[in-house]
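Below: one structure, written as structure tokens.
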């Protein structure tokens, strides 16, 4: 995924190489988003873990994407902690935000 459309509920899937580590070995996760000067941090309970595919997936809410500024990219970065206390992280990544013509909320 390289782009988020406002007012949708896209899923950001982060694949981890099994040669790097196995997702089930992560004891703490920090998924940090930075958008329009606002930092939001999500944790292990906010993502879905797939041990077969070795991925973490975060699904945005309609409200989250409607609040995004289409003139600003969304940056994200992850850090992972393991049982031995070691911590690894990812490089920053960017997603473009596309504007939605309608600003109406569809979900109930």
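Contact map, segment 53-65: first residue on the phi > 0 side of the Ramachandran plot and in a loop (DSSP other than H, G, I, E, B), second residue at pLDDT 95 or above and surrounded by 14 or more Cβ atoms within 10 Å (Cβ to Cβ), Cβ cut-off under 6 Å, separation 6 or more or different chains; pairs are 54/16; 54/23.
Checking each residue of segment 65-84 against the condition of being farther than 15 Å from residue 39 by Cβ, surrounded by 15 or more Cβ atoms within 10 Å (Cβ to Cβ) and in contact with a helix residue (DSSP H, G or I) (Cβ under 9 Å, 6 or more places away or on another chain) gives at least one match. Note on segment 87-103: among residues that are exposed (fewer than 10 other Cβ atoms within 10 Å of the Cβ) and without any contact (Cβ under 8 Å) to a residue 40 or more places away in the chain, the one that is nearest to the chain's Cα centre (by Cα) is 91. Filtered by the rule that a residue be free of Cβ contacts under 8 Å to residues at least 24 places away in the same chain, within 18 Å of residue 93 (Cβ to Cβ) and in contact with a strand residue (DSSP E or B) (Cβ under 7 Å, 6 or more places away or on another chain), segment 19-43 gives 39, 40, 41, 42. Scanning segment 66-89 for residues that are touching a strand residue (DSSP E or B) at 6+ places or on another chain (Cβ under 8 Å), in a loop (DSSP other than H, G, I, E, B) and within 24 Å of residue 20 (Cβ to Cβ) yields one hit, 83.
Of the listed requirements (1) surrounded by 14 or more Cβ atoms within 10 Å (Cβ to Cβ); (2) over 23 Å from residue 101 (Cα atoms), residue 41 misses just one: (1). For segment 10-52, the set of residues classified as part of a loop (DSSP other than H, G, I, E, B), farther than 23 Å from residue 84 by Cβ and modelled with pLDDT of 95 or more consists of 10, 52, listed by residue number.
The values are calculated or read from the model by the stated rules, or taken from the named source; none is laboratory data. All values reported here derive from a predicted model rather than from experimental measurement. Cβ coordinates were reconstructed from backbone atoms using ideal geometry, including for glycine residues, and neighbour counts include every protein chain displayed.
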